[in-house]
């Protein structure tokens with residue numbers, strides 16, 4: 001079957017899905033800018049879902065190798081969205097904070113008052129503005145943001161494929177795309193009205209463009225890295241310290257490495273001077289508060305609340321405590337919930353996912369020599385691993401709750417998926433050659 005025929009079938013299936021979803025959603029209470037009747041609610045859902053499918057079909061055109069993974073990934077995320085929206089399969093279907101804030105903003109926007117604001121943290125503010133914009137156009141219903149998150153989650157499959165292909169080869173990219181397409185927690189959070197789907201695609205896009213800049217030295221890739229870095233900071237404020245402290249120094253180091261020998265001293269002075277200036281401004285604006293020990297202690301104590309907390313007896317009093325506890329906290333952060341932490345069906349299913357992640361990680365660690373032997377794109381691979389590992393480690397220091405850990409590690413699990421995929425395909429090729 002040709003790709004064009006397949007695209008037509010996908011469109012047809014999407015429209016059937018749209019009709020099914022719209023029948024249920026159109027009966028909900030909506031108050032969007034042009035949603036004055038239920039028939040217009042039906043139209044809004046149809047337009048939104050068709051737009052999502054159109055973007056996915058258009059994006060996958062140049063990546064036909066993984067088309068079936070992308071389409072299956074999209075279908076799974078839409079099915080989960082339906083299950084969440086109509087059958088309440090979760091304790092909550094969206095993070096209520098965004099909708100509560102949007103409910104305050106939306107009436108003011110509809111009256112033409114776009115300057116209305118209220119106290120909230122930066123990362124909450126920008127996602128709330130995004131959600132309010134969507135509700136302003138389509139209607140005040142979390143399903144519209146859930147559909148947008150389905151789009152970002154599906155496009156992430158393409159991005160991880162491109163990362164694997166750029167770093168290693170197409171086979172590695174395909175396997176990584178397959179893993180992400182069917183990774184349960186990514187499917188789940190791609191179908192909810194929470195920041196995680198957007199946060200994940202922003203990280204993947206940042207990593208992809210950084211890899212491309214390291215490989216090809218294109219100014220357009222570097223520009224996108226900077227733009228995506230800002231986007232990541234807007235969605236999660238702690239990324240200012242986390243990503244700014246890794247990505248920007250890497251950019252400076254690679255720029256110095258490539259500079260003409262006579263110009264290197266100038267690059268060194270300008271680069272490190274610029275870094276100091278940027279970090280000074282960020283510190284003054286409060287974006288580097290995550291580097292303060294009091295912030296770490298406060299956030300960790302806050303995140304030990306709830307029935308799914310872990311390592312509650314571990315308390316920090318200094319940076320030395322953080323260093324000592326870091327290995328244990330990283331293990332818990334990566335692999336929680338463990339089987340002994342599962343008290344219901346949802347936690348048990350999540351524990352099975354953790355077992356699979358343990359297996360992937362064990363394969364990577366056992367075959368670390370294969371990564372050391374990589375000669376092609378070694379600098380790009382090193383930067384990729386460094387950023388993701390520091391991201392996992394930094395989050396593990398603070399997170400002490402299973403639910404939060406599952407969400408926050410999603411951003412950086414691409415490292416495990418891509419490295420495992422490369423090792424798996426490399427070993428398979430070696431076995432085939434011996435035969």
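Structure summary
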quantity	calculated
Number of the exception - residue 428 against (1) crowded, with 23+ Cβ neighbours inside 10 Å; (2) modelled with pLDDT under 90	(1)
Any chance residue 224 is free of Cβ contacts under 8 Å to residues at least 24 places away in the same chain, under 23 Å from residue 127 (Cα atoms) and assigned to a helix (DSSP H, G or I)	yes
Residue ID - modelled with the highest pLDDT, chosen from residues in the range 305-325 that are more than 23 Å from the chain's Cα centre (by Cα) and surrounded by 15 or more Cβ atoms within 10 Å (Cβ to Cβ)	325
Members of the range 378-426 found to be touching a residue at least 40 places away in the same chain (Cβ under 8 Å), in a helix (DSSP H, G or I) and out of contact with any helix residue (DSSP H, G or I) (no Cβ under 8 Å at 6 or more places or on another chain), listed by number	403, 404
Where residue 314 falls short, out of the listed (1) in contact with a helix residue (DSSP H, G or I) (Cβ under 7 Å, 6 or more places away or on another chain); (2) assigned to a helix (DSSP H, G or I); (3) within 12 Å of residue 397 (Cα to Cα)	(2)
Unique residue being free of Cβ contacts under 8 Å to residues at least 60 places away in the same chain and in a helix (DSSP H, G or I) when the list is 208, 198	208
Positions within the range 254-282 being under 29 Å from residue 398 (Cβ atoms) and surrounded by fewer than 15 Cβ atoms within 10 Å (Cβ to Cβ), in sequence order	272, 274, 276, 277, 278, 280, 281
Matching residues in the range 57-74 - criterion: being farther than 19 Å from residue 175 by Cα and touching a helix residue (DSSP H, G or I) at 6+ places or on another chain (Cβ under 8 Å)	57
Close pairs from the range 327-348: first at negative phi and without any contact (Cβ under 8 Å) to a residue 40 or more places away in the chain, partner surrounded by 14 or more Cβ atoms within 10 Å (Cβ to Cβ) and assigned to a loop (DSSP other than H, G, I, E, B), Cβ under 7 Å, at least 6 apart	348/342
Test result for residue 356, in a helix (DSSP H, G or I), within 26 Å of residue 155 (Cα to Cα) and without any contact (Cβ under 8 Å) to a residue 40 or more places away in the chain	yes
In the range 365-391, residue farthest from the chain's Cα centre (by Cα) [restricted to those that are within 19 Å of residue 333 (Cα to Cα) and surrounded by fewer than 20 Cβ atoms within 10 Å (Cβ to Cβ)]	365
Yes/no for residue 267 being at pLDDT 80 or above and touching a helix residue (DSSP H, G or I) at 6+ places or on another chain (Cβ under 9 Å)	no
Residue that is modelled with pLDDT of 90 or more and either surrounded by fewer than 12 Cβ atoms within 10 Å (Cβ to Cβ) or in contact with a helix residue (DSSP H, G or I) (Cβ under 7 Å, 6 or more places away or on another chain) (or both), where the choices are 354, 350	354
Sole exception among (1) over 25 Å from residue 78 (Cβ atoms); (2) surrounded by 19 or more Cβ atoms within 10 Å (Cβ to Cβ) for residue 169, by number	(2)
Given (1) under 30 Å from residue 256 (Cα atoms); (2) buried (at least 24 other Cβ atoms within 10 Å of the Cβ), number of the condition residue 226 does not satisfy	(2)
Residue check, residue 330 part of a helix (DSSP H, G or I), buried (at least 20 other Cβ atoms within 10 Å of the Cβ) and at pLDDT 85 or above	no
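The values are calculated or read from the model by the stated rules, or taken from the named source; none is laboratory data. Worth saying up front: this structure is predicted, and the values here are computed from it rather than measured. Heads up, the Cβs are rebuilt from the backbone with ideal geometry, glycines too, and the neighbour counts pull from every protein chain shown.
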